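What follows is a short report on a single structure.
The values are calculated or read from the model by the stated rules, or taken from the named source; none is laboratory data. All figures in this text were calculated on a predicted structure; none of them were measured in a lab. Glycine also receives a Cβ, built like all others from the backbone with ideal geometry; neighbour counts cover every protein chain displayed.
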Amino acid sequence: MIKLPWYPLSLFCISLTSTLLVYLSLGSSSPNDGQNVTFGPQILPVEASNSIQQGEEIILNGKKYKIPWTQWKQGGTIRTGISDIGAMNLLGLELLSSKNPQLQPVRWFGTNSNQPLPILASFIAPYRYLDISELIKLAEGELQVNRNSLTLNFPLAQINNIRQGNQSWGRRIVLEVDRPTVWQVSQAKGQGVVMISGKANQTKLSEYNQSSHSPKPSIDKDEDDLGSATSQPLDGSLFSLEDTGDITKVHVNLPTAHGLNVFSLSNPNRIVIDVRSDAIVPKEIVWTPGIIWRKQLVTINRERKQEIFPVNWLEIDQRSPNISLKPITSNVNGQTGTAPLVKTAQKWQASAAINGGFFNRNNKLPLGAIRQNDRWLSSPILGRGAIGWNEKGQVNVSRLGFQETLITANGNQVPISFLNSGYVKAGVARYTSEWGSNYTPLSDNEMVVFVDNNQVTYQQKAGKAGRGSYPIPSNGYLLIVRKNPVASNVFSPGMAVTLQSKTVPQEFNQFSHILGAGPLLLYNRRIIVNAEQEKFSKAFQKQKASRSAIGVTKKGTIMFVAVHTRVGGSGPSLDEMAEIMQQLGAVHGLNLDGGSSTGLVLGGQLIDRSPVTAASVHNGIGVFIKP
């Protein structure tokens, strides 16, 4: 066993009776360089069968959070785990790069920047949990379990001093605390808040900042503190403090396209708040076999100018027998509805997810292809880009059309324009039980035709859009005739009917899962963005905004990618997003719904943005891992 300075020996010594043996060999790694920490040969994972209880709620110092936790027996002791992204967001842990999914190095008030704290990690579907048992002891915390809730109480820290300074990349705020403590971060446009479990000594802070004889803290020369020999005068325009009792809130004014990077240092204990346009810290974490989480800065050349984009993305090996992907929707009983992507992913028990295709925010209905387990939840529209995949690991990205024809017993052939779609256009649309139990008219004066067991049973003229409700036959469907393109006697009661359906191109017929969005970004490594061909508006074509995309690598793995801003500026254009995907190694790429819909979920939490900035979405793509 290796005994590292400052951490208690119990953190590294594991009972010989335990089934878990750990051999550590820690490499040197700067906290901000994103390099890997090397670990030794073997770690035996905690078995899910050893779990004794689990829940979805954590109460931290009296405040409730929806974060998964679990407890298990190991070597005669009870261990406590919190989902890794939840632990990061709740406790202020900084997850460092790691190639071993069963051992997660973190930075949290360590002895110095080169000495990460190794924490055991175990995947118990659908989340990856960090064993925080020793960390709780380290912070002199207490825990208690009551049914679904895990209660954590930590002693409050005292904030003794606060300083700020300028860096080449932005501004830095340093808060000195008398003990390790926990914090949470929330960010919105132009505003960030760091909520620290501790109380600020306002009198002492005032004395420090008014006196030129303030004592200088002992700072390790290897640690990057303010970047200058002396502190700068506190700038009230940069931040303000709010005392809420047990929580001290640091409100930070964020310049355009800037964010917060918050981490801890020791000797003395400090919480560092960096305000910078490249706030992302590069890293690569093998989250579980088959899923890699990466954060990196991508540089592209545009009009003789380099543009740098912070990128959050997942690489997923869907060819693994333990990993599968499928579209997920906010409403499991129909196609009307929206919800935060995090909640939808949690509802479906997805380990990871990305937002999907377009939808109408007013009526909360889908506007594009969604095929799940060979069932069309919503058909393609306007020949837009789509991605299809199946359980064999086959994937295809292309522009997609859908053709369906209803054939009556007397030989009439009626084209069906859309299936289970919120897109309204003159013609005949079809709605099945995948739409829900009932249909409400989407336009005025529609003709509703009831088909049960392949036979027309009834037809009725509807009134105004949004009024009335028509039951969808469980063994049939409704035909909705808009703008009278078909004579009513074509669908006379008693008429037998059949359907013929196919995708264009036909290769998509073999894919059990399909999701449409658009426009296409890449095909065979070439940028093929043509938003006009896919009938997107001119405003959409020119827009620079937050974007999400899905791609396929040369290896055949799937990429979930989220980009919000460039360093110091707006989000990427469609062409820039295509270049970013190229740089990341995509062979094929598809733009997904963007803007406030952009979201990337891992381990039950958003990893690309603060939840307060994310809008509700209709659908997404979920990643599922077999236990």
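Scanning segment 574-619 for residues that are crowded, with 24+ Cβ neighbours inside 10 Å, within 12 Å of the chain's Cα centre (by Cα) and either in a helix (DSSP H, G or I) or not assigned by TED's automatic domain parsing to the domain that holds A539 (or both) yields a single hit, S597.
Scan segment 513-521 and tell me whether some residue there is modelled with pLDDT under 95 and either of a type in the set (D, E, K, R) or touching an Asp or Glu at 6+ places or on another chain (Cβ under 7 Å) (or both). Looking through segment 513-521, none of the residues is modelled with pLDDT under 95 and either of a type in the set (D, E, K, R) or touching an Asp or Glu at 6+ places or on another chain (Cβ under 7 Å) (or both).
Looking at segment 519-526, is at least one residue in a strand (DSSP E or B), over 22 Å from S398 (Cα atoms) and charged (D, E, K, R)? Looking for residues that are in a strand (DSSP E or B), over 22 Å from S398 (Cα atoms) and charged (D, E, K, R), one finds none in segment 519-526, hence no.
From the list G368, G383, G337, the one residue that fits, being surrounded by 24 or more Cβ atoms within 10 Å (Cβ to Cβ) and not assigned by TED's automatic domain parsing to the domain that holds S443, is G368. Each residue in segment 272-298 was checked for being in a strand (DSSP E or B) and more than 21 Å from F560 (Cβ to Cβ), and 5 of them qualify. Among the residues of segment 340-365, which ones are crowded, with 18+ Cβ neighbours inside 10 Å and either in a helix (DSSP H, G or I) or among the aliphatic types (A, V, I, L, M) (or both)? Hits for segment 340-365 are L341, T344, A345, Q346, W348, A350, A352, A353, I354, L365. There is no residue in segment 104-111 that is surrounded by fewer than 19 Cβ atoms within 10 Å (Cβ to Cβ) and not β-branched (V, I, T).
Tell me, please, whether a residue that is more than 23 Å from E303 (Cα to Cα) and of a type outside the set (F, W, Y) can be found in segment 560-574.
Yes, some residue in segment 560-574 is more than 23 Å from E303 (Cα to Cα) and of a type outside the set (F, W, Y).
The C-beta contact set for segment 352-369 (first residue touching a residue at least 60 places away in the same chain (Cβ under 8 Å) and within 23 Å of G604 (Cα to Cα), second residue among the acidic types (D, E) and not in a strand (DSSP E or B), distance under 7 angstrom, 6+ apart or interchain) comprises N355/D593; G356/D593; G357/D593; F358/D593. Only one entry of Q74, Q54, Q144 meets the criterion of being polar (S, T, N, Q), within 23 Å of K343 (Cβ to Cβ) and surrounded by fewer than 23 Cβ atoms within 10 Å (Cβ to Cβ), and that entry is Q54. I'd like to verify a number: residues in segment 177-222 that are at pLDDT below 50 and either within 16 Å of F239 (Cα to Cα) or within 32 Å of the chain's Cα centre (by Cα) (or both), how many? Summing the residues that are at pLDDT below 50 and either within 16 Å of F239 (Cα to Cα) or within 32 Å of the chain's Cα centre (by Cα) (or both) in segment 177-222 gives 1. If the condition is being at pLDDT 90 or above and within 17 Å of G92 (Cβ to Cβ), then segment 247-267 contributes I247, T248, K249, V250, V252, G259, L260, N261, V262, F263, S264, L265.
No other residue among G622, G551, G556, G571 is within 13 Å of the chain's Cα centre (by Cα) and either buried (at least 24 other Cβ atoms within 10 Å of the Cβ) or assigned to a loop (DSSP other than H, G, I, E, B) (or both) apart from G622.
Count of segment 308-354 residues, restricted to those that are closer than 18 Å to T613 by Cα and either modelled with pLDDT under 95 or of a type in the set (D, E, K, R) (or both), is 1. So for segment 72-83 (the condition being over 30 Å from P155 (Cβ atoms), modelled with pLDDT of 85 or more and assigned to a strand (DSSP E or B)), does at least one residue qualify? Checking segment 72-83: not a single residue is over 30 Å from P155 (Cβ atoms), modelled with pLDDT of 85 or more and assigned to a strand (DSSP E or B).
A quick yes/no check of all residues on (1) within 30 Å of W69 (Cα to Cα); (2) in contact with a Lys or Arg (Cβ under 6 Å, 6 or more places away or on another chain):
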{"residue": "T553", "(1), (2)": "no, no"}
{"residue": "V561", "(1), (2)": "yes, no"}
{"residue": "S573", "(1), (2)": "no, yes"}
{"residue": "E579", "(1), (2)": "no, no"}
{"residue": "L584", "(1), (2)": "no, no"}
{"residue": "N591", "(1), (2)": "no, no"}
{"residue": "I607", "(1), (2)": "yes, no"}
{"residue": "N619", "(1), (2)": "yes, no"}
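In segment 429-438, of all residues being surrounded by fewer than 22 Cβ atoms within 10 Å (Cβ to Cβ) and touching a Ser or Thr at 6+ places or on another chain (Cβ under 7 Å), the one that is farthest from L515 (Cα to Cα) corresponds to N438. Reported count of residues in segment 398-408, each being touching a Gly at 6+ places or on another chain (Cβ under 7 Å) and either among the hydrophobic types (A, V, I, L, M, F, W, C) or surrounded by fewer than 18 Cβ atoms within 10 Å (Cβ to Cβ) (or both), is 1.
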